[in-house]
Amino acid sequence: MLEVDALTVAAGGFRLHEVALTVPDGECHAVLGPSGSGKSTLLHALLGLLPPERGRIVLGGADVTRLPIERRGFGYVPQGLGLFPHLSVHDNLTYGARARGVPAAELRRLVDRLVERTGIGHLLDRRPPTLSGGERQRVGLVRALASQPRLLLLDEPFTALNESLRRELWWLLRELQRERRLAVLLVTHDLAEAYFLAERVTVLLDGRVVQQGEKAEVFGRPVAPAVARFLGVETLHPGRVLRVHEGLATVAVGSVELTALASPGLPADVLVSIRGEEVVLQAHGGGASSARNALPARVLAVRPGSPLSCVELDAGFPLFALVTRPACEDLDLRPGQRVVACVKAPAVHLVGGAGPSNGH
């Protein structure tokens, strides 16, 4: 298990403030944030490349804060992979493990299993410059695992790959991680990658942890406007809480009122956050719905996508729905058409600290 406690690190004029997170064995934890948020600074501090001003890094119960990188027990897959171009794939795989003193017989058995598991046996005599992007990624992953790390650090590992190959390697990584009960810390700006691989996420903005928790909770219920914007919430619009009764809030948004779940200490001024996939469209004059909010709306624009198209609506405030292309065709969605936008109360999230918003 990795435990990071109140880690504060300076890197030039940038400062990482009081970062705390835990990664249990067998789990993946993703650190998210835009460029300049502090992800790389955190990674460099964990690797020992930047000395912390205060705080602790504990791995498996041992304080490794001041240990050199080779004694920390980390496996590391950098964004550029860092493979040695003059060495064969086989020698790249065994380099780090030999440096850590893994016995030769044990290393051979381990590498043989990993090579078989990842399907790179035919590459062992080749050199990295002759490999494809996906082949290099597999080699980088096996090299990190061959040193028998207690924690695997991944720095934007699949950024340069096409979508289908990235998803193939996501499955491979998840299977290897769970088979080996390995703690994994993934640093990424790719929201889909984080959601697929991680159980828990930490969102960094300007060097500070602004939200942390189970991925579904963080993605679905951002705690601050900046987090909602980073996480790509399609509808984000100022609102005002009119009343709260039996756990439900009535919120004025634009020219309409919405029903949402009310959290303790809810301020009067909020941002109304609604993910596009939570909006269900019905034909105008359609039947009853279990959704608490059934809003007459007019289609402003339909932006085709695969697999989901984005439908821009005027529902008394700017609202966006993500709809499959077959559903767009069935409803014959086009600008000017009247529809009903249905949104369940739990899908309307109220974010405190409302500020100016363009609604998207």
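The values are calculated or read from the model by the stated rules, or taken from the named source; none is laboratory data. Worth saying up front: this structure is predicted, and the values here are computed from it rather than measured. Quick reminder, even Gly has a Cβ in these numbers, built from the backbone with ideal geometry, and neighbours come from all protein chains shown.
For region 116-130, how many residues are more than 15 Å from ALA146 (Cβ to Cβ) and either at pLDDT 85 or above or not in a loop (DSSP other than H, G, I, E, B) (or both)?
Residues in region 116-130 being more than 15 Å from ALA146 (Cβ to Cβ) and either at pLDDT 85 or above or not in a loop (DSSP other than H, G, I, E, B) (or both): 7 in total.
Taking region 20-76 on its own, how many of its residues are touching a residue at least 60 places away in the same chain (Cβ under 8 Å), of a type in the set (A, V, I, L, M, F, W, C) and either out of contact with any Asp or Glu (no Cβ under 9 Å at 6 or more places or on another chain) or not in a strand (DSSP E or B) (or both)?
6
Scan region 50-87 residue by residue and report those that are of a type in the set (A, V, I, L, M) and either closer than 13 Å to LEU153 by Cα or not assigned by TED's automatic domain parsing to the domain that holds ALA144 (or both).
Matches in region 50-87: LEU59, ILE69, VAL77, LEU81.
Might you check whether a residue that is more than 18 Å from the chain's Cα centre (by Cα), exposed (fewer than 15 other Cβ atoms within 10 Å of the Cβ), modelled with pLDDT under 90 and over 22 Å from ALA315 (Cβ atoms) occurs anywhere in region 181-191?
Yes: region 181-191 contains one or more residues that are more than 18 Å from the chain's Cα centre (by Cα), exposed (fewer than 15 other Cβ atoms within 10 Å of the Cβ), modelled with pLDDT under 90 and over 22 Å from ALA315 (Cβ atoms).
Looking only at residues in region 336-356 that are part of a loop (DSSP other than H, G, I, E, B) and small (Gly, Ala, Ser), which one is modelled with the lowest pLDDT?
Looking at residues that are part of a loop (DSSP other than H, G, I, E, B) and small (Gly, Ala, Ser), I get GLY355.
Looking only at region 308-325, decide whether some residue is in contact with a Cys (Cβ under 9 Å, 6 or more places away or on another chain), over 23 Å from ALA224 (Cβ atoms) and surrounded by fewer than 12 Cβ atoms within 10 Å (Cβ to Cβ).
Within region 308-325 (the criterion being in contact with a Cys (Cβ under 9 Å, 6 or more places away or on another chain), over 23 Å from ALA224 (Cβ atoms) and surrounded by fewer than 12 Cβ atoms within 10 Å (Cβ to Cβ)), the answer is no, since none of the residues qualifies.
Of all residues in region 131-150, count the ones that are among the hydrophobic types (A, V, I, L, M, F, W, C), closer than 22 Å to VAL184 by Cα and part of a loop (DSSP other than H, G, I, E, B).
Number satisfying all stated conditions: 0.
Could you count how many residues in region 177-206 are closer than 17 Å to TYR76 by Cβ and touching a residue at least 60 places away in the same chain (Cβ under 8 Å)?
Going through region 177-206 one residue at a time, the tally reaches 9.
Looking at this structure, is PHE84 among the aromatic types (Phe, Trp, Tyr) and buried (at least 19 other Cβ atoms within 10 Å of the Cβ)?
Taking the combined requirement at face value, the residue does not satisfy it.
Has region 106-113 got any residue that is in contact with a helix residue (DSSP H, G or I) (Cβ under 7 Å, 6 or more places away or on another chain), within 19 Å of LEU165 (Cβ to Cβ), assigned by TED's automatic domain parsing to the domain that holds GLU168 and surrounded by fewer than 22 Cβ atoms within 10 Å (Cβ to Cβ)?
Within region 106-113 (the criterion being in contact with a helix residue (DSSP H, G or I) (Cβ under 7 Å, 6 or more places away or on another chain), within 19 Å of LEU165 (Cβ to Cβ), assigned by TED's automatic domain parsing to the domain that holds GLU168 and surrounded by fewer than 22 Cβ atoms within 10 Å (Cβ to Cβ)), the answer is no, since none of the residues qualifies.
Can you find even one residue in region 242-250 that is buried (at least 19 other Cβ atoms within 10 Å of the Cβ), farther than 14 Å from PRO346 by Cα and of a type in the set (Val, Ile, Thr)?
no
List every residue pair whose Cβ atoms lie under 8 Å apart, where the two residues are 6 or more positions apart in sequence or sit on different chains, the first residue falls within region 223-245 and is among the aromatic types (Phe, Trp, Tyr), and the second residue, located anywhere, is modelled with pLDDT of 85 or more.
So the pair list comes out as PHE230/LEU32; PHE230/GLY33; PHE230/PRO34; PHE230/VAL203; PHE230/LEU205.
Looking only at region 15-45, how many residues end up being under 16 Å from GLN211 (Cα atoms) and at pLDDT 90 or above?
Counting residues in region 15-45 that are under 16 Å from GLN211 (Cα atoms) and at pLDDT 90 or above gives 17.
Checking the condition modelled with pLDDT under 95 and either of a type in the set (Ser, Thr, Tyr) or under 13 Å from LEU32 (Cα atoms) (or both), which residue from THR202, THR235 passes?
THR235
Yes or no, residue by residue, for (1) assigned to a loop (DSSP other than H, G, I, E, B); (2) more than 30 Å from GLY13 (Cα to Cα); (3) of a type in the set (Gly, Ala, Ser); (4) not assigned by TED's automatic domain parsing to the domain that holds CYS28:
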position: ARG166; (1), (2), (3), (4): no, yes, no, no
position: TRP171; (1), (2), (3), (4): no, yes, no, no
position: ARG174; (1), (2), (3), (4): no, yes, no, no
position: LEU185; (1), (2), (3), (4): no, no, no, no
position: ALA194; (1), (2), (3), (4): no, no, yes, no
position: GLY213; (1), (2), (3), (4): no, no, yes, no
position: LEU242; (1), (2), (3), (4): no, yes, no, yes
position: VAL251; (1), (2), (3), (4): no, yes, no, yes
position: ALA260; (1), (2), (3), (4): no, yes, yes, yes
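Does region 152-178 hold any residues that are at pLDDT 80 or above and surrounded by fewer than 13 Cβ atoms within 10 Å (Cβ to Cβ), and which are they?
Listed by number, the residues that qualify are TRP171, GLU175.
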